[in-house]
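Asker: I am attaching a structure below and will ask some questions about it afterwards.
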Amino acid sequence: MTKKRKRQDDFQKVKLKVGKRKPKADNATDVNFRTKGIRLPEQLKKDGAGPTTHRHLNIKDLLSQLHHYSGGVKQGALVGLRELLSLHPHLLEQHLSSVLSEVAAVFTDKDATVRAAAVRLLRFVAQCVPAERVAPFFPLLSAHLTCAMTHIVEGIQEDALRVLDVLLEHYPALLSARCTVLLRNFLELISQRRLSRAGKGSEERKVGNWALSVTPSRTITAQQWRLTVLTRLGCFLQAVVEERPTEERGALGDFLDREEKGHGTVTPVDLTWEEHTFRKDGLQVYENSGAQPAAPSSFRLRPEIEPGAGVAEGLVSVETVRGFAATLVPLLLEVWVEASTSEQGKTDSAHLLAPESMTLMYQVLTILQLLRRLTPERHQKEDLDAWFRSNYLNDFKHHFMKNFPYGLLEVAKHKKKGEMKRTKQQQQGAAGGVASVEPMALNITLCQVMVSLSSRPQGGEDADWLGPIRGFVRETLSSGVRLSSRHLAALLEVVWRLVLTHRNRAVTEELLQAVNVQYQQRNLTLPVRMLLLRFFSHLYLQEHQAQQHIGRSKVLSRWLAALPLQLVQLGSRNPHLSAQLLQTVQAAAAWRNKDLLHSLQTYACRLYDPQEGSVVLLPAESQQRLVELVYFLPVLPPELLSCLSRCCTAGRVSANLAASLVRLVHIRSSLCGWSAGRQEVAVSDVDYFSFLFSTLTGFSSDKLAALQHAGEDTVLPPTPLAPLSVYPTQPEQFNHHWVIVEEVCHCLETIGSRSQCFDVLQNAICKNLTGLQVVPDSMAAALLRVVSRLLDLSFLPNEVLLRFLSDCCLSLLSLLEQEQGVPDSAEKSEAVRGVCLAALSGVPRLLRLVLQSLHVSDLCEEEFSQLAQMLSYLLRQSQLRNHMLANAALLQHIIQDLTRYCQGEAQEQWLTDLLYCYSVTLSTHRGNLGIRDVY
């Protein structure tokens, strides 16, 4: 029987039996083990990717997402970049190149949301990064901007203008340097080249090679789109003009700040005449010399501009500007015609315009104004104006002056709610934030453009179209309407040009009277008041000599005559306006304007009032001008000299300025000694000496009378060592007065006869001061100073003067001993000591009288040491040694009395010092005289 082999299967089923343990599987895991955690802190740290956004994206991730095909991803990346850069500004410094290049690349993105996010990010970057940091990358930004402005998609063009707004706001200088390409881009936004040239010669030149274009697919009308483009073009040209390094700046009223052609910038030169007193050679003075003198020559060098710069590539000459204007001006005329005729069917009055048309026409005129100012040099401006006149004057007269002046058309329109919303959105998208224009602004700008085309030699030929402009200007200024500073500046520029063009006295009086009506209005704002003031001031300063009809204007003369009163009424309320008034007054006074000098003489006492006058209320620069005006006054009456003297001594003007005032009064007197090149004598000799004497004392008669009744808390009572009661002045007041005293002494020394001058001074002191019991220390020192400087050896002072001077000297020496250690009194003490020594050594018998007035028996114990210190100080001075030797007997008697009255150890030291100084001083003269002789 054959044995059957049992086949073995791969997967055999295991039979489980009840009650038996289930066998373990072959792949069973043994769970009998223990685990421990391993911590790796380094793995939890961030990698080196830097800061991230709330979506955990760093700057590299965000920049890479800008290359994504999805518009949503790119928009999110731009929003994330703005978030990241605002939280971490240092990233912008590190990745500025990458950020600018990637943002610029999406200017032409097809998705509008991406472009809007790019504009917002660019604005944020522009607010954070200065122009010098962006300059290396600006060519790339400009290239992408050019691509966006010339793109075929209308939405990209509109967003390109928003990018232009950002760059104009933050980087106008960088943008204006690349004006060559951008100006052409503006042309392509609103026009296109003509396919054929039908006209030839002048007709072709007037029509031009470009024609206005219309894009029906835009969401706004063609007129609204042109308004948007022309507004940006005006802003761009304004940036080009302002960033150009020329002498003229500012869009409005540039004539108010200009200097006469061919004149340099005049700067004052500080000259100290004392340094040139003894010079034999004269001073050389050059006409029109200033910081940058300029000769009236037509020769000009080439502009120093680096090659490759935007100006060199573009608007570098008049020919280049003409070429661009020849293309643009015909287009602007077409825009004007379309805007002016757009409302003809709605009203019978052709001069009434809708707000949108008025704004568009205003932009046309603004661009024409800026085109005139694109010339790199000022001397080229006249050539450009002549070119405009020869080519476009007839067109401008036909189109601009046809319905002048223009007004606003107000039509009530009832629209449905949805239509009103849609129209509002269209206007916001079209204008892009362009504000509406008032009729006044349009008419004034038109006057500016047209008046610039008028020519002085042909002023009579232009009377037909200048007449309406003159009438509009006259009515606007004379109506009494409050004008803004912007409108007024433009009107004043028109008046300036009309006055110079017509050269007619009647027309000049008519226009200036209209301006004067504006000037006489009350409660004008400061910018308006300054504009009117500068207009009259510059018109007089620059043109009154060259133009006879201006120099003989009665309106201008009345305006000049009213300036001193206005200066008095202003006071300290507006120092800037007062400074401008003073500049005009000073110039007119130097030119001998009779009306002004008469008015200045009338209000001189109010101007130089020491309490409320302009000379003490205005700043230092204006005070200087007011002091200089004293030289031009026809007469200096006693009342005015009294005010000037109190201004000098009141301390409300600087010491140097007060000294200059004293010097000017001296020059206007007959005693100054000048024989040529000076004003007529304005002050009598008696009034002149009275002025100097009042200024020398430093106190008026009323103040001196009040001091005689002052209490002991104000003045120091008299003592045996101080016969006069002294009023101690503050160190600042004393130092201020001392500068004036030196100037007064200098003026008195220049008078021919010293003996007569000293006689007058002696009589004045004896008559007015010797009876005083209270004397200010500054006045006492001043008297000692002037007497010591004026006293001649051939003239001896009288006994009354000597007694008074000895009392002053002794009182001052006693005051010095009491004021030792007072802060900030070193300069004062030095001046008092010096003047006392000079008087004691220079005035005969003064030292003897001082020693004779010292009575030791009248002193108290506290005054012994003071007297000893005073004598020791005098004995130590070398210039008094001979005088001390001459009065040795008096000095020996005083020292003997001191040694007899003073006993005890407390006085031993100062007494020993006195005896030592005495022995040293007299040892050279008397060898046998020692200390024992004194005892």
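The values are calculated or read from the model by the stated rules, or taken from the named source; none is laboratory data. What you see is a predicted model, and the numbers here were worked out from it, not measured in a lab. Don't worry about glycine lacking a Cβ; one is built from the backbone with ideal geometry, like all the others, and counts go over all protein chains shown. Heavy atoms of the whole protein, side chains included, go into the accessibility calculation; ligands, DNA and RNA do not. Shrake-Rupley method; radii C 1.70, N 1.55, O 1.52, S 1.80 Å.
Asker: Scan segment 483-529 for residues that are under 23 Å from residue 442 (Cα atoms), over 29 Å from the mean Cα position of the chain (by Cα) and small (Gly, Ala, Ser) and jot them down.
Answerer: Within segment 483-529, just 514 meets the criteria.
Asker: Among the residues of segment 603-645, which ones are of a type in the set (Lys, Arg) and either surrounded by 22 or more Cβ atoms within 10 Å (Cβ to Cβ) or free of Cβ contacts under 8 Å to residues at least 40 places away in the same chain (or both)?
Answerer: The one that is of a type in the set (Lys, Arg) and either surrounded by 22 or more Cβ atoms within 10 Å (Cβ to Cβ) or free of Cβ contacts under 8 Å to residues at least 40 places away in the same chain (or both): 606.
Asker: May I ask you to list pairs of residues, at least six apart or on different chains, whose Cβ atoms are under 7 Å apart, with the first in segment 866-880 being without any contact (Cβ under 8 Å) to a residue 60 or more places away in the chain and the second being open to solvent by 50 Å² or more (accessible area, probe 1.4 Å)?
Answerer: 872/913
Asker: Are any of the residues in segment 183-200 at pLDDT below 90, over 17 Å from residue 328 (Cα atoms), open to solvent by less than 10 Å² (accessible area, probe 1.4 Å) and under 40 Å from the mean Cα position of the chain (by Cα)?
Answerer: No: segment 183-200 contains no residue that is at pLDDT below 90, over 17 Å from residue 328 (Cα atoms), open to solvent by less than 10 Å² (accessible area, probe 1.4 Å) and under 40 Å from the mean Cα position of the chain (by Cα).
Asker: In addition: Which of the numbered conditions does residue 216 fail, given that it passes all the others? Conditions: (1) more than 16 Å from residue 331 (Cβ to Cβ); (2) at pLDDT 55 or above; (3) open to solvent by less than 80 Å² (accessible area, probe 1.4 Å).
Answerer: Of everything listed in (1) more than 16 Å from residue 331 (Cβ to Cβ); (2) at pLDDT 55 or above; (3) open to solvent by less than 80 Å² (accessible area, probe 1.4 Å), residue 216 misses just condition (3).
Asker: Now a separate question. Let me confirm something: among 815, 810, which residue is in a helix (DSSP H, G or I), of a type in the set (A, V, I, L, M) and under 18 Å from residue 733 (Cβ atoms)?
Answerer: Checking each option against the conditions leaves just 815.
Asker: So, in segment 720-767, of the ones that are surrounded by fewer than 17 Cβ atoms within 10 Å (Cβ to Cβ) and not in a helix (DSSP H, G or I), which residue ends up nearest to the chain's Cα centre (by Cα)?
Answerer: The selected residue is 730.
Asker: Here is a further query. From (1) over 35 Å from the mean Cα position of the chain (by Cα); (2) over 23 Å from residue 230 (Cβ atoms); (3) crowded, with 18+ Cβ neighbours inside 10 Å; (4) among the β-branched types (Val, Ile, Thr), pick out the condition that doesn't hold for residue 113.
Answerer: (3)
Asker: Assigned to a helix (DSSP H, G or I) and surrounded by fewer than 20 Cβ atoms within 10 Å (Cβ to Cβ): is that true of residue 899 in this structure?
Answerer: Yes; evaluated as a whole, the condition is true for this residue.
Asker: If you check every pair at least six apart or on different chains, which have Cβ atoms under 6 Å apart with a residue in segment 467-493 that is surrounded by fewer than 21 Cβ atoms within 10 Å (Cβ to Cβ) first and a residue that is assigned to a helix (DSSP H, G or I) and among the small types (Gly, Ala, Ser) second?
Answerer: The qualifying pairs are 474/514; 478/514.
Asker: So residue 179 fits all but one of (1) surrounded by 17 or more Cβ atoms within 10 Å (Cβ to Cβ); (2) farther than 28 Å from residue 369 by Cβ; (3) modelled with pLDDT under 85; what number is the exception?
Answerer: With respect to (1) surrounded by 17 or more Cβ atoms within 10 Å (Cβ to Cβ); (2) farther than 28 Å from residue 369 by Cβ; (3) modelled with pLDDT under 85, residue 179 is out only on (2).
Asker: Suppose we keep only residues that are open to solvent by less than 60 Å² (accessible area, probe 1.4 Å) and among the small types (Gly, Ala, Ser) within segment 850-874. Which one would you say is farthest from residue 917 (Cα to Cα)? Show your work before the answer.
Answerer: To start, the set of residues in segment 850-874 that are open to solvent by less than 60 Å² (accessible area, probe 1.4 Å) comprises 850-851, 853-854, 856, 859-860, 863-868, 870-874.
Next, from what is left, pick out any that are among the small types (Gly, Ala, Ser): 853, 865, 868, 872.
Values: 853: 21, 865: 15, 868: 10, 872: 6 Å.
Here the residue is 853.
Asker: To continue, here is another question. Could you check how many residues of segment 116-135 are within 20 Å of residue 67 (Cα to Cα) and either open to solvent by 10 Å² or more (accessible area, probe 1.4 Å) or free of Cβ contacts under 8 Å to residues at least 40 places away in the same chain (or both)?
Answerer: Residues meeting the conditions: 3.
Asker: Could you tell me which numbered condition residue 530 fails, if it satisfies all but one of (1) surrounded by fewer than 22 Cβ atoms within 10 Å (Cβ to Cβ); (2) closer than 27 Å to residue 609 by Cα; (3) touching a Ser or Thr at 6+ places or on another chain (Cβ under 8 Å)?
Answerer: Status for residue 530: all satisfied but (3).
Asker: Follow-up question, since we're still on this one. Regarding segment 140-148, can at least one residue be identified that is over 19 Å from residue 66 (Cβ atoms) and touching a Lys or Arg at 6+ places or on another chain (Cβ under 7 Å)?
Answerer: Within segment 140-148, one or more residues are over 19 Å from residue 66 (Cβ atoms) and touching a Lys or Arg at 6+ places or on another chain (Cβ under 7 Å).
Asker: Restricting to segment 52-66, name every residue that is open to solvent by 40 Å² or more (accessible area, probe 1.4 Å) and part of a loop (DSSP other than H, G, I, E, B).
Answerer: 52, 54, 55, 56
Asker: Among the residues of segment 797-835, which ones are of a type in the set (Asp, Glu), touching a residue at least 12 places away in the same chain (Cβ under 8 Å) and closer than 19 Å to residue 738 by Cα?
Answerer: 819, 824, 827
Asker: Take segment 367-394 and flag every residue that is open to solvent by 20 Å² or more (accessible area, probe 1.4 Å), more than 15 Å from residue 451 (Cβ to Cβ) and either in contact with a Pro (Cβ under 7 Å, 6 or more places away or on another chain) or in a helix (DSSP H, G or I) (or both).
Answerer: Residues satisfying the conditions are 378, 379, 380, 383, 387, 390, 391, 394.
Asker: Need a quick list: helices (runs of 4 or more DSSP H) entirely within segment 398-501 having at least 1 residues that are at pLDDT 65 or above, more than 26 Å from residue 225 (Cα to Cα) and of a type in the set (A, V, I, L, M).
Answerer: 439-451, 463-478
Asker: Of all the residues that make up segment 306-342, how many are open to solvent by less than 30 Å² (accessible area, probe 1.4 Å), in contact with a Leu (Cβ under 9 Å, 6 or more places away or on another chain) and modelled with pLDDT of 80 or more?
Answerer: Adding up the residues that qualify gives 11.
Asker: For the structure I just gave you, tell me whether residue 93 is surrounded by fewer than 19 Cβ atoms within 10 Å (Cβ to Cβ) and modelled with pLDDT under 90.
Answerer: For residue 93, the condition - surrounded by fewer than 19 Cβ atoms within 10 Å (Cβ to Cβ) and modelled with pLDDT under 90 - is met.
Asker: Given the criteria at pLDDT 90 or above and among the β-branched types (Val, Ile, Thr), does residue 786 qualify?
Answerer: When the stated conditions are applied, residue 786 passes them.
Asker: When residues of segment 634-643 are filtered for being out of contact with any helix residue (DSSP H, G or I) (no Cβ under 6 Å at 6 or more places or on another chain) and either at positive phi or of a type outside the set (Val, Ile, Thr) (or both), how many remain?
Answerer: Looking only at that region, the number is 3.
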